[in-house]
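The next block holds one structure in the form of structure tokens; read it before the comments.
Values in this text are rule-based calculations from the coordinates and carry no lab data. The structure presented is a predicted model; accordingly, all values stated were derived computationally and were not measured. Cβ: placed from backbone, ideal geometry, glycine included. Neighbour counts: every protein chain shown.
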């Protein structure tokens with residue numbers, strides 16, 4: 001699952017033994033996630049040979065509990081504008097992703 005949030009972009013996948021791997025392109029995104037959403041201590045692993053440079057591994061149950069906190073971060077009427085208030089470059093990238101994803105929209 002991909003999650004584009006105002007605190008970062010994440011790719012989330014299931015791992016064996018009830019673990020969840022949360023991957024990110026930049027370390028700051030995972031730092032934000034650990035501090036603002038998960039509220040747990042976890043090592044940020046740097047993986048230069050993998051698709052995503054950074055990752056953390058957490059218990060699946062622990063990750064599932066954090067969705068309420070993700071929802072509390074939605075305090076805005078326009079997502080891309082909110083991101084732009086703190087990171088103009090990321091706002092530009094999110095606009096590009098938005099435009100690409102719009103291509104899958106079907107007309108009725």
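Can you tell which of 30, 71, 38 shows the greatest fluctuation in a Gaussian network model of the chain with Cα springs below 10 Å?
Answer for the Gaussian network model of the chain: 71.
Hey, what angle do you get for helix 88-102 against the long axis of the chain, alpha-carbon based, 0 to 90 degrees rounded to 10?
70 degrees
Take the alpha carbon gyration tensor of segment 65-108, find the square roots of its eigenvalues, order them as a ≥ b ≥ c, and report rounded if a/c is under 1.5; if not, report prolate when a/b exceeds b/c, else oblate.
In terms of gyration-tensor shape, oblate.
Would you compute, from DSSP H runs of 4+ residues alone, the mean residue ellipticity of the chain at 222 nm, taking -39500 (n - 2.57) per run and dividing by the full residue count, rounded to the nearest 500?
Roughly -9500 deg cm²/dmol at 222 nm, from the helical runs in the chain.
Would you mind classifying segment 29-82 by shape? Square roots of the alpha carbon gyration tensor eigenvalues, ordered a ≥ b ≥ c; an a/c under 1.5 is rounded, otherwise it is prolate if a/b is larger than b/c and oblate if not.
oblate
Pairs of alpha-carbon atoms within less than 8 angstrom and 6+ residues apart define the contacts here; what relative contact order does the chain have, in percent?
20 percent
Between residue 1 and residue 28, 0.36 nm times their residue separation minus their Cα-Cα distance comes to what?
Extra length from residue 1 to residue 28 when fully extended: 7.8 nm.
Counting other beta carbons within 10 Å of each Cβ, put 19, 49, 72 in order, fewest first.
49, 72, 19
Using a simple spin-label model with points 7 Å from Cα along the Cα→Cβ vector, what separation in nm is obtained for residue 81 and residue 101?
Result: 1.9 nm between the two label points.
Whole Å is fine, so just give me how far the alpha carbon centre of segment 26-43 lies from that of segment 49-70.
9 Å
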